[in-house]
Structures are given as C-alpha cells and as structure tokens.
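Visitor: Before we start, here is the structure in question, set down as structure tokens.
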Amino acid sequence: MIDIRGLSYIVAESTDLPKWKNYAENVLGMMTSAAPDGGLYVKMDERCFRIAVQPGTRDAYVATGWEVQGEAEFNDAVATLRKSEIEIQVGDAAQCKQRCVQQLIGFNDPSGNRHEIVWGFKSDFARFASPVGVSRFITGNIGMGHAVLPAVKFEETLRFFRDVLGFGLSDMFNFQPGGDGPSLPIYFLHCNNDRHHSLALAAFPVESGCVHVMVEVESMPEVGRAMDRMKAHDVLQTSTLGQHTNDRMISFYMKSPSGFDIEFGYGGAVVDWKEHIAHEFTHVSLWGHDFSVGNTK
Ligand SMILES: [Fe+2]
C-alpha cells in the first residue's frame, strides 16, 4: 500500500484570476504570487503554494495533490498504482516545476476525481505574512487541511483509497436528504498523519468537482475575522458557524471563486490512531452549521 503523508496542495481552475487573487488575499488572508502557467499560487505557510489556480474556461476544482515521504516511497507508489491497473501519467519537467516538486504522477480515481502524488517540495521558505494579519494556518506534518470529494462510484472509490492508497477509515456518516429516503454515505478517511481526516468521500455528484476544502487557523478570533471579511467582500456564506461532531472543528463555510466551498475552521482534532475506534455518527454537527443559508435559489 502507498504511504500518503498528507494533503500537499489542491488545484483549481478559474475564469477570473483577479477575483481569486482578491478572494485569496482579502478573504482567506493568504498570500499570492504568479505561477509559471500564468495562474496564481496561493500561499498559506512556508511553501510556495498550497492552492494553485490555473486560468481556464471553467470555475471548478481540478486536482488533489498528495505527498509521500521521499523518492523511495514515490517509486513504491508508482509501482503499486501500476499493479492496481490504474492508468497513471508521469509528470514532465514543466509539470514538476509548476507544482514545485521533484517528481509527480497523475491519475484519476474510480469516480473520475483527479489526483497527483508528489515528493520533495521545493520552497524558498519565505515567511508567511498574511496581507490581512492572519497569524498562521495549521499545516506542516498534518497537511494543508482536508478535501471532500464526490464519489459517484462510492464502493469502488472507497476500496481504492483504502486498499491501494492506504487510507484508514476515521468514521462514517449517512446523509438522508429526504428524511426517510435512501441515505448517501460520506466516509471520512485519514492518511499517515494525525489529522482526523485529510479526505472524505461523498456518494453524490458535485458540479464543481469538490464538496469543500478545509483550511484551519490557530484561534477562534481568526475564524470570526474571516467571517467579517467574507461579509465585507460579499462572498456567499454556505453555512453558519458550527462545530463538527467528528473532528470537533469549529468552522463556517463559504463559496470559493471556483464553485466549491471553503470550510474555514479552528480546533480540528488530531487523533492517536492506535486508540481510535471507527464509528458511525448520526449528526454532522454538535451545534450550528446551518447549510440552508447557502440556498440562493
Ligand atoms: Fe470539512
């Protein structure tokens, strides 16, 4: 099995890069710089970027970047994926330069979500200095946050992540949109770090290609300030403040310029996996998280 150490980055596509730049700097409170493809790097720690926004004809999510520890682990990942009959594309020098890594492979999971596995990030380690004074984002050894992806071929995709990519089950939720109707599973998965989940798979399609991406700050006032910035910049709020049952994250949700949501939170659980017992929870939040605020129709 592949030993994924964390969510390294995400890639988005945008028809309006200036809008993304403004959102990244003035709402998220992150830094931006020009990417080699004419796109935008969004920086939230000492790395050159954690969100790469590429110019395009759609506003959508493009890919999820996962990192392994080093070259040997990368070679293992390539061999394991080849054995699994998943078709992989080996990144060329330009693509590696684009992602600021030594080596890269790309592939689609069984539901068609795009992923990349990389090793050896390259950075000038320029200090993170938020343009709006965010103290820091919680990244490092637990990755940049988490991504929740649509998995229409749910069972197959779940098996792929568990059996090939080596993710472990953190816990499960069965979403019942119509009351008594059929439930839609959302499974929360961890890779080889202590963050409660780096990935969740949701058994429904999402037009933008992603349900949400979570970024984490180090204090509750930073979450409140981000809510003020969201309002000041007329960004659509898609959930009120609340606290999740499973990872204890206190967060709110808002729309990104690429159509998927950003969960902006504080206090996410780090877990000792030797002690953890997988379970099903029946309420997503201990309090708050009213997602009806995002219904604009
Ligand atoms: Fe989340």
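Visitor: Computed over the Cα atoms of region 17-65, what is the ratio Rg over Rh, Rh following Kirkwood?
Guide: Values: Rg = 10.3 Å, Rh = 11.0 Å.
On the Cα set of region 17-65, Rg over Rh gives 0.93.
Visitor: If you roll a 1.4 angstrom probe over the protein chains with everything in place, what fraction of the accessible area of region 1-124 belongs to carbon and sulfur, to the nearest %?
Guide: Working: 2420 of 5110 Å².
C and S atoms contribute 47 percent here.
Visitor: For region 55-169, what relative contact order do you get, as a whole percent, if you take Cα pairs closer than 8 Å and at least 6 residues apart?
Guide: On the way: 123 pairs, mean separation 28.7, N = 115.
Relative contact order here is 25 percent.
Visitor: What span do the alpha-carbon atoms of the chain cover on each of the three principal axes, reported in whole Å from largest to smallest?
Guide: Principal extents (largest minus smallest coordinate, Cα): 45, 45, 38 Å.
Visitor: Out of the DSSP beta bridges found with both residues in the chain, what percent are antiparallel (nearest 5)? Spell out each step's value before the answer.
Guide: Details: 52 of 74 bridges.
Roughly 70 percent of the beta bridges in the chain run antiparallel, per DSSP.
Visitor: On the protein heavy atoms, probe 1.4 angstrom, tell me the percent of accessible surface of region 139-296 carried by carbon and sulfur.
Guide: On the way: 3490 of 6770 Å².
That share works out to 52 percent.
Visitor: In Å², what does the accessible area per residue of the chain work out to with a 1.4 Å probe? All intermediate terms of the calculation are to be shown ahead of the outcome.
Guide: On the way: 12980 Å² over 297 residues.
So the chain comes to 44 Å² accessible per residue, rounded to a whole number.
Visitor: So what is log10(I(q)/I(0)) for region 140-295 at q = 0.12, 0.19 1/Å, when the Debye sum runs over its Cα atoms only?
Guide: The computed values of log10 I(q)/I(0) come out as -0.51, -1.32.
Visitor: A further question follows. Could you rank Lys43, Lys274, Lys231, Lys122 by how accessible they are, 1.4 Å probe, largest area first? List each step's numbers first, then the result.
Guide: On the way: Lys43 20, Lys274 175, Lys231 130, Lys122 105 Å².
Largest to smallest exposure gives the sequence Lys274, Lys231, Lys122, Lys43.
Visitor: Which value results when the Cα radius of gyration for region 93-225 is divided by 2.2 N^0.38 Å?
Guide: Details: Rg = 17.1 Å, N = 133, 2.2 N^0.38 = 14.1 Å.
With N residues counted in region 93-225, Rg over 2.2 N^0.38 Å equals 1.21.
Visitor: Give the Kirkwood hydrodynamic radius (Å, one decimal) of region 167-240, defined as one over the mean of 1/r across all pairs of different Cα atoms. All intermediate terms of the calculation are to be shown ahead of the outcome.
Guide: Details: mean 1/r = 0.0666 Å⁻¹.
Hydrodynamic radius (Kirkwood, Cα pairs) of region 167-240 is 15.0 Å.
Visitor: Rank-order 134-140, 54-60 by packing density, defined as the average count of other C-beta atoms within 10 Å over each peptide's residues, highest first.
Guide: Numbers: 134-140: 18.0, 54-60: 15.6.
Result, highest mean Cβ count within 10 Å first: 134-140, 54-60.
Visitor: Another question, if that's okay. Quick one: ranking Leu199, Leu17 by accessible area, 1.4 Å probe, largest first, what do you get? Please report the intermediate quantities before stating the final value.
Guide: Working: Leu199 0, Leu17 35 Å².
Per-residue accessible area, sorted high to low, gives Leu17, Leu199.
Visitor: How large is the helix-only mean residue ellipticity at 222 nm for the chain, computed as the sum of -39500 (n - 2.57) over DSSP H runs with n ≥ 4, divided by its residue count, in deg cm²/dmol to the nearest 500? Before the final figure, lay out each step's value.
Guide: Working: 5 runs with 45 residues, N = 297.
When only DSSP H runs of four or more count, the value is -4500 deg cm²/dmol.
Visitor: For region 1-56, give the share of DSSP beta bridges that are antiparallel, in percent and rounded to the nearest 5; count only bridges with both residues there.
Guide: Details: 7 of 12 bridges.
Bridges in region 1-56 that DSSP calls antiparallel: roughly 60 percent.
The values are calculated or read from the model by the stated rules, or taken from the named source; none is laboratory data. The model shown is predicted, which means the values in this text are computed figures rather than measured ones. Note: ideal-geometry Cβ built from the backbone for every residue, glycine included; neighbour counts use all protein chains shown. Heavy atoms of the whole protein, side chains included, go into the accessibility calculation; ligands, DNA and RNA do not. Shrake-Rupley method; radii C 1.70, N 1.55, O 1.52, S 1.80 Å.
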